[in-house]
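Right, one structure below, let's go through it.
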Amino acid sequence: MYHRGRGVKHVMKISWSECLCLILLHLQQTTVSTLERFEVLGPADPVVAVAGEDVVLPCYLKPNISAVDLHVEWFRVQIDNPIVHLYRDHEDRNENQVPSYRGRTSLFPEELKKRNTSLKLYDVRGSDDGPYKCFVESQEWQDDSWINLRIKAVGTQPLISIEGYKEGGISLVCESKGWYPQPQVVWMDSEGHSLPAGHTETHTDSMGLFTVRRRVIVQETETNRFTCRVRQQQIVTFAVIFSLAAVCIIGCTVLIHRFVKLQRKRGQLKEQYGLITRRMSIENMCRRAELLKAQRYAVDVTLDPDTANPWLILSEDKKQVRHGVIWQDLPYKPERFKRRIGVLGKEGFSSGRRYWEVQVGDKTEWDLGVARESINRKWYFPLNPSGGLWAISLWNGNEYLAFTDPSVSLHLSVKPQKVGVFVDYEKGQVSFYSVEDKSHLYTFIGYKFTEKLYPYFSPCTNDDGTNSTPLIISPVSDTD
């Protein structure tokens, strides 16, 4: 190149090998700079798959960079040993894969260079339903994205059988197999009115599909005609264009012949309905009394900043927590959650009874409950009692779950704005309540606690601002 000085051109000579080294060094620095930060992107809506078919869980990198040299991991969020598929050092490393996924997962090797880190899942089953995480890591950066997989399966035509005389009437049983998610079973009279029936019995087969069975005691009517309806309602997503609320209904009717005479008259049937109504009223009163009793054990709970995941932001009074938009460079603490978006209460307890309330408002996702002291802080622990957590959750704005093993859907008629948590250490019991209507949400019962327990809070991710509202620990006002 040329250097201007005193009106004379001087030539600085650089060899070809030196020039080549400079070019390669520039390219290397550009590549490292490009790989320093990236985003992992997944679909905003749940991915819906039919049991028995294959499905692709989409996941991509932004900007458009190759993932060949990166660490790509897919895992479940709510189970032990959560690895679904692991790609590292240019090959699949599935030695520690969840057994039920062996031979059923693959990435797209030729697509990795095109930023595609999607997972293909073969022969899906009911147990595959739930949230997954696509985690990608380089030497300089890491990011992840949540993908919610929803499995659907339409079961068999309901089969009705007569058990015979029972409790002064005729016992009818309705059964249907092969459903996912769990459907509702409703008994109706000839005019389409719901009949009071027993609880729905559920069983799952090897594919994780539900068999449902429900009994009803009926009395003689003018038509002696009764209907069993098995109904499944869920959100079905077609690609990313739009969502459609789909109701799948299969019904069948049983006709009880007029010549079957029952021991009870219509007046006695009306009396039975009145008795049931009174029992329901008494039950509601008992539940209200149960919550009032729990509130007597109210304690002051504050959040422990030393346990908070670096994505979380706590208020100055340690009563509120929300998910931020920037990873905070916090000092290392062995008690801090590194992967889970969670934080514990400051004070733990190893005996007695405790109660506190949390305002959830209009949040679209949250987890609340109690965790044992030895819960895994460094990695993803299963969201159930075997992982050291007794909690309930809201997903996707309207899906309530109890983190049992497997999780149980909670069908709530009213969306809770404030949730009460009650723990009886000696009884091994954790209960949840909707404070406004004083209704019971769920109870974990029959556990044996052997170590200190702590309140657990997760506001979940802010989801681009749609779930940015904080969880707020509220004072318990109704203790009389």
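Among residues of segment 141-164 being surrounded by fewer than 17 Cβ atoms within 10 Å (Cβ to Cβ) and part of a loop (DSSP other than H, G, I, E, B), the one that is modelled with the highest pLDDT is W141. Scanning for something closer than 18 Å to L453 by Cα and out of contact with any strand residue (DSSP E or B) (no Cβ under 9 Å at 6 or more places or on another chain), does segment 319-334 turn up at least one residue? Yes - at least one qualifying residue is present in segment 319-334. Within segment 405-412, can one find any residue that is under 11 Å from the mean Cα position of the chain (by Cα), open to solvent by less than 60 Å² (accessible area, probe 1.4 Å) and in contact (Cβ under 8 Å) with a residue 60 or more places away in the chain? For segment 405-412, residues under 11 Å from the mean Cα position of the chain (by Cα), open to solvent by less than 60 Å² (accessible area, probe 1.4 Å) and in contact (Cβ under 8 Å) with a residue 60 or more places away in the chain: present. Taking the numbered list (1) under 30 Å from Q182 (Cα atoms); (2) open to solvent by 60 Å² or more (accessible area, probe 1.4 Å) in turn, G126 passes all entries but (2).
Inside segment 317-334, residues that are in a loop (DSSP other than H, G, I, E, B) and at pLDDT 95 or above make up a count of 3.
Inside segment 341-360, residues that are closer than 29 Å to S145 by Cβ and open to solvent by 10 Å² or more (accessible area, probe 1.4 Å) make up a count of 2. For E73, indicate whether it is of a type outside the set (S, T, N, Q) and open to solvent by 20 Å² or more (accessible area, probe 1.4 Å). Here the answer is no, as E73 does not meet what is asked. Within segment 165-194, if we keep just the residues that are part of a loop (DSSP other than H, G, I, E, B) and closer than 11 Å to R229 by Cβ, the residue that is modelled with the highest pLDDT turns out to be P183.
Restricting N462, N398 to those that are open to solvent by 10 Å² or more (accessible area, probe 1.4 Å) and either β-branched (V, I, T) or without any contact (Cβ under 8 Å) to a residue 60 or more places away in the chain (or both) reduces the list to N398. If you take the residues of segment 366-379 that are within 19 Å of L312 (Cβ to Cβ) and open to solvent by 40 Å² or more (accessible area, probe 1.4 Å), which of them is modelled with the highest pLDDT? That would be N376.
The set of residues in segment 200-221 being part of a loop (DSSP other than H, G, I, E, B), in contact with a Phe, Trp or Tyr (Cβ under 9 Å, 6 or more places away or on another chain) and open to solvent by less than 20 Å² (accessible area, probe 1.4 Å) consists of G208 alone.
The values are calculated or read from the model by the stated rules, or taken from the named source; none is laboratory data. Small disclaimer: the values here were computed from a predicted structure and weren't measured. Backbone-built Cβ (ideal geometry, glycine too); neighbour counts: all protein chains shown. Calculation scope for accessible area: heavy atoms of the full protein, side chains included, ligands and nucleic acids excluded. Shrake-Rupley method; radii C 1.70, N 1.55, O 1.52, S 1.80 Å.
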